[in-house]
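Enquirer: Before anything else, here's the structure in question.
The values are calculated or read from the model by the stated rules, or taken from the named source; none is laboratory data. Just so it is clear, the model here is predicted, and its values are computed rather than measured. Note that we place each Cβ from the backbone using ideal geometry, even for glycine, and neighbour counts take in every protein chain shown. Accessible surface areas use protein heavy atoms only, side chains included; no ligands, DNA or RNA. Shrake-Rupley method; radii C 1.70, N 1.55, O 1.52, S 1.80 Å.
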Amino acid sequence: MTLPLWFDPELVFINGVWRAPDAGGVLPVEDPSDGGQIAQIARGTSADIDAAVEAAEAALHSDWGRMTATERGRVLTRIGQLVLTRIDDLAMIEARDVGKPLTQARNDAIALARYMEFYGGAADKIMGETIPYLDGYTVYTLREPHGVTGHIVPWNYPMQIIGRSVGAALAMGNACVLKPAEEACLTALAFAALAQEAGLPDGALNVVTGLGEEAGAALAAHKGVRHISFTGSVGVGTLIQTAAARNVVPVTLELGGKSPQVVFDDADLDAALPFLVNAGIQNAGQTCSASSRILVQREVHDTLLARMAERYKTLTVGRAVDDPSVGPLISARQKDIVSGFLAKAQDLTIAAQGRMQDAPRGGHYVLPTLLSGVSPDHPLAQDEIFGPVQVVIPFDDEDDAIRIANGTDFGLVASIWTRDGARQMRMAKRLHAGQVFINNYGAGGGVELPFGGVGKSGHGREKGLEALYGFSTLKTVAAYHGG
Ligand code: NAD
């Protein structure tokens, strides 16, 4: 099966030119569904990052920098329209590159288009304000781009994360240098080619593929970068923030999670069930906002566990292009990590697992696994597993639920399932999370909804209009003209 590529993945994209990386190296691209090599990507290094930052800086002072906000918005909207014409190709590329089941990969491509439309429409709607001040003064604020922005993204939702971070940065007039994850570069390059076709001026977006510790570290430490948007692990996020601190530049950190769904005994269990399970197994659990903890009020614990177990038994596992419920994990390494967690689950009860379809040998498969009998301080209830594993934990009352829900280092998202309106409000206030869902989970992805974490889930907000404030800086102008 050949990949539908309209770009050469062995090249980096700098200043509107596709060129070989400075050091000439390549890295293999593996299909996680069978372990076979499907392409090679360029191994960009610090020299390519230098060239990309230089090109981005130059773009700020040429065609890109001279565009009005409305013109920038039009370009973004055109990119979105072009993305929509390539949904099936983008989905196929992503399915082969990261093992994402086709339907889920398609949804990512649609979300990428939606981010471009949303930020295209918003580009000329972010305004400053006038401030009443001393007699004889007129004071106003200007929202200005940071300048060159660095974007370091992970492999689990490349299209969505590029859409939300690069889309918002471009809308505000920044010039971007994107370093995709080494395991997931193909849709980033595809996106760059579509952006170029849509008329994005040279240098406004530059893409350097390569290893995190080479190209990624060079970008994070680069003195010409004025803002860094990082999505990934807590460990690397800490390195990024440290590097940014040396240059005193702001960072947005979108890190991991251990997000709970809290189910009370008055909840509509029929409505909750698909959300409870899907939020744990979507993208094989490799989702920052995966719901890996299901907290259930004791009165309905056994009933809900049995119903979730029934659902787990219907889950299929197989190659991404066959569109199973659960595809492979991204890599052999990720499979080892998840298997290591499951090895620590010997004292727990396996309530149910999914079933393997005819998945090829060499693929990185782990059966979706539902665990019960888990105490809140067990490693599987505390650490981000990043695999299709959910734990079910009973609780007694609201205070108990809050103690358990807030009892990890993370705070990305949380949901509450109850018909009691007052309880919904109380719980939403008390939960430590950047997003709280009431009687749903994820709210359909929510391009429009500000997203980000508290605690070790990170800081700063992306998505929605809020991201545009993060990707800009505020200048206050105080004019004295006399009374
Ligand atoms: P990772 O931290 O290993 O890698 C993320 C990116 O950082 C990649 O592009 C990688 O090349 C780069 N990188 C690695 N080492 C680097 C270094 N020393 N300097 C600079 N860059 C470096 O994360 P991952 O394994 O790709 O992704 C999984 C993690 O991402 C999980 O913890 C998950 O929760 C998190 N995540 C968070 C969100 C969110 O929005 N909060 C979304 C998706 C993923």
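Enquirer: Give the calculated FRET efficiency between Thr242 and Ile337 to the nearest 0.05, with a Förster radius of 22 Å applied to their Cβ-Cβ distance.
Expert: On the way: r = 24 Å, r/R0 = 1.08.
E between Thr242 and Ile337, to the nearest 0.05, is 0.40.
Enquirer: Could you order Glu310, Glu71 so the one with the most accessible surface comes first? Probe is 1.4 Å. Walk me through the intermediate numbers first.
Expert: On the way: Glu310 105, Glu71 75 Å².
Accessible-area ranking of Glu310, Glu71, largest first: Glu310, Glu71.
Enquirer: How big is the dipole moment of the range 260-448 about its Cα centre under a simple scheme where the beta carbon of each Lys and Arg is +1, that of each Asp and Glu is -1, and everything else is neutral? Debye, nearest 20, please. Present the calculation step by step, with values, prior to reporting the outcome.
Expert: Working: 17 positive and 23 negative charges, 106 e Å.
Here the size comes out at about 520 debye.
Enquirer: Okay, moving on. Once whole DSSP H runs in the chain are found, which of them have Cα atoms spread over 15 Å or more along the helix axis and a mean Kyte-Doolittle score of at least 1.0?
Expert: On the way: long enough: 46-60 (21 Å, 0.69); 69-85 (25 Å, 0.16); 87-98 (16 Å, 0.33); 102-122 (30 Å, -0.06); 158-171 (19 Å, 0.94); 186-197 (17 Å, 1.29); 234-247 (20 Å, 0.60); 269-281 (18 Å, 1.48); 298-313 (24 Å, -0.99); 332-343 (16 Å, 0.19).
What comes out of the filter, once short or polar helices are dropped, is 186-197, 269-281.
Enquirer: Quick one: which residues, 5+ away or cross-chain, put their amide H under 5 Å from the amide H of Gly147? H built at 1.01 Å from N.
Expert: Result for Gly147 returns Ala175.
Enquirer: Let me know the charge dipole size of the chain about its Cα centre in debye, to the nearest 20, where only the beta-carbon of Lys, Arg (+1) and Asp, Glu (-1) is charged. Intermediate values should be presented prior to the final figure.
Expert: Values: 40 positive and 54 negative charges, 82 e Å.
It comes to approximately 400 debye.
Enquirer: Can you classify the chain as rounded, prolate or oblate using the Cα gyration tensor, where a ≥ b ≥ c are the square roots of its eigenvalues, rounded means a/c under 1.5, and otherwise it's prolate if a/b beats b/c and oblate if not? Please list the in-between numbers first.
Expert: Numbers: a/c = 2.04, a/b = 1.30, b/c = 1.57.
Taking the square roots of the gyration eigenvalues as a ≥ b ≥ c, the chain is oblate.
Enquirer: Then there is this: Percent of Cα-Cα pairs more than 21 Å apart in the range 260-448, please.
Expert: Values: 8344 of 17766 pairs.
Counting pairs separated by more than 21 Å, the tail of P(r) holds 47 percent.
Enquirer: Any chance you could run the full-extension gain for Thr70 through Arg355? It's 0.36 nm times the residue separation minus the Cα-Cα distance, nm to one decimal. Before the final figure, lay out the partial values.
Expert: Values: separation 285, 0.36 × 285 = 102.60 nm, distance 5.11 nm.
Between Thr70 and Arg355, full extension yields an extra 97.5 nm.
Enquirer: What ranking of Trp155, Trp417 comes out by heavy-atom accessible area, probe 1.4 Å, highest first? Kindly include the intermediate steps, with their values, before the conclusion.
Expert: Numbers: Trp155 35, Trp417 5 Å².
Ranked from most to least accessible, the order is Trp155, Trp417.
Enquirer: Across 10 Å bins from the origin, how do the percents of Cα pairs in the range 1-155 run, short distances first?
Expert: Result returned by the calculation: 9, 25, 33, 20, 7, 4, 1, 0.
Enquirer: Between Ala47 and Ala422, with labels modelled 7 Å along Cα→Cβ, what's the label distance in nm to one decimal, could you check?
Expert: 7.0 nm
Enquirer: State log₁₀ I(q)/I(0) for the range 22-67 at q = 0.16, 0.18, 0.32 Å⁻¹ as given by the Debye formula over alpha-carbon point scatterers of equal weight, solvent excluded.
Expert: Computed log10 I(q)/I(0) values: -0.63, -0.68, -1.01.
Enquirer: Kindly give Rg over Rh for the range 40-122, based on alpha-carbon atoms, with the Kirkwood expression for the hydrodynamic radius. Show your work: numbers first, answer last.
Expert: Values: Rg = 16.1 Å, Rh = 14.9 Å.
Taking Rg over the Kirkwood Rh, I get 1.08.
Enquirer: On alpha carbon coordinates alone, what is the Rg over Rh value for the range 365-483, Rh being the Kirkwood radius? Spell out each step's value before the answer.
Expert: Values: Rg = 19.4 Å, Rh = 17.1 Å.
Looking at the range 365-483, the ratio lands at 1.13.
Enquirer: Further question: Of Leu27, Ser339, Pro132, whose Cα points farthest to the positive end of the dipole of the chain (charges on the beta-carbon: +1 Lys, Arg; -1 Asp, Glu; origin at the Cα centre)?
Expert: Positive-most Cα among the choices belongs to Pro132.
Enquirer: Can you pull the percent of the range 1-81's accessible area that's carbon plus sulfur, 1.4 Å probe, other chains left in place?
Expert: It is 47 percent, rounded to a whole number.
Enquirer: Once label points are set 7 Å from the Cα along Cα→Cβ at both Ala58 and Leu465, what is their separation, rounded to one decimal in nm?
Expert: 3.7 nm
Enquirer: Ala271 to Tyr140: extension gain in nm, 0.36 nm per residue of separation minus the Cα-Cα distance?
Expert: Net length gain for the segment: 42.2 nm.
Enquirer: Report the gain in length on full extension from Lys223 to Asp302: 0.36 nm times residue separation, minus Cα-Cα distance, nm rounded to one decimal. It would help to have the intermediate numbers written out before the result.
Expert: Working: separation 79, 0.36 × 79 = 28.44 nm, distance 5.64 nm.
Full extension from Lys223 to Asp302 adds 22.8 nm.
Enquirer: Sticking with this structure for a sec: Dipole magnitude of the range 134-215 about its Cα centre, charges +1 at Lys/Arg Cβ and -1 at Asp/Glu Cβ only, in debye to the nearest 20?
Expert: Numbers: 3 positive and 8 negative charges, 41 e Å.
So the dipole magnitude of the range 134-215 works out to roughly 200 debye.
Enquirer: How high is the FRET efficiency between Asp88 and Glu197 when r is their beta carbon distance and R₀ equals 22 Å, given to the nearest 0.05? Show your work: numbers first, answer last.
Expert: Details: r = 17 Å, r/R0 = 0.78.
Plugging the Cβ-Cβ distance into 1/(1 + (r/R0)^6) gives 0.80.
Enquirer: What figure, in Å² to the nearest 10, do you get for the accessible area of Glu10 with a 1.4 Å probe and non-protein molecules left out?
Expert: The accessible area comes out at roughly 70 Å².
Enquirer: In Å², what does the accessible area per residue of the chain work out to with a 1.4 Å probe? Spell out each step's value before the answer.
Expert: Values: 18450 Å² over 483 residues.
On a per-residue basis, the chain sits at 38 Å².
Enquirer: Largest first, how would Tyr119, Tyr469, Tyr441 line up by accessible area (1.4 Å probe)? Don't skip to the end; give the middle numbers.
Expert: Working: Tyr119 0, Tyr469 90, Tyr441 25 Å².
If we order Tyr119, Tyr469, Tyr441 from most to least accessible, we get Tyr469, Tyr441, Tyr119.
Enquirer: Need one number: convex hull volume per residue for the range 202-271, Cα atoms only, in Å³.
Expert: 168 Å³
Enquirer: Amide H to amide H under 5 Å from Ala39: which residues, 5+ apart in sequence or cross-chain, H placed 1.01 Å off N in plane?
Expert: Hits under the 5 Å cutoff: Val29.
Enquirer: Spelling out what I want: for every residue of the range 213-222, take phi, set θ = phi - 60°, compute 6.51 cos²θ - 1.76 cosθ + 1.60 (Karplus), and round to whole Hz; glycine and proline get x.
Expert: So the J values, rounded to whole Hz, are 6, 9, 5, x, 5, 5, 5, 4, 8, 5.
Enquirer: Then there is this: Pairs Lys344/Lys463; Lys344/Lys429; Lys223/Lys258; Lys313/Lys344; Lys223/Lys456: which exceed 31 Å Cα-Cα? Walk me through the numbers on the way to the answer.
Expert: Working: Lys344/Lys463 36 Å; Lys344/Lys429 34 Å; Lys223/Lys258 34 Å; Lys313/Lys344 22 Å; Lys223/Lys456 26 Å.
The answer is Lys344/Lys463; Lys344/Lys429; Lys223/Lys258.
Enquirer: Residue by residue through the range 456-461, what is 3J(HN,Hα) from phi via Karplus (6.51 cos²θ - 1.76 cosθ + 1.60, θ = phi - 60°)? Round to whole Hz and write x for glycine and proline.
Expert: Along the range 456-461, the couplings run 6, 7, x, 8, x, 10 Hz.
Enquirer: Give me the percent of DSSP beta bridges within the chain that run antiparallel, rounded to the nearest 5. All intermediate terms of the calculation are to be shown ahead of the outcome.
Expert: Values: 27 of 65 bridges.
In the chain, approximately 40 percent of DSSP beta bridges are antiparallel ones.
Enquirer: List the trypsin sites (Lys or Arg not before Pro) in the range 319-424 that DSSP assigns to loop (not H, G, I, E or B) and whose Cβ has at most 10 other Cβ atoms within 10 Å. Which are they? List each step's numbers first, then the result.
Expert: Working: sites: Arg319, Arg333, Lys335, Lys344, Arg355, Arg361, Arg403, Arg419, Arg423; in loops: Arg319, Lys344, Arg361, Arg419.
Listed in order of number, the matching sites are Arg361.
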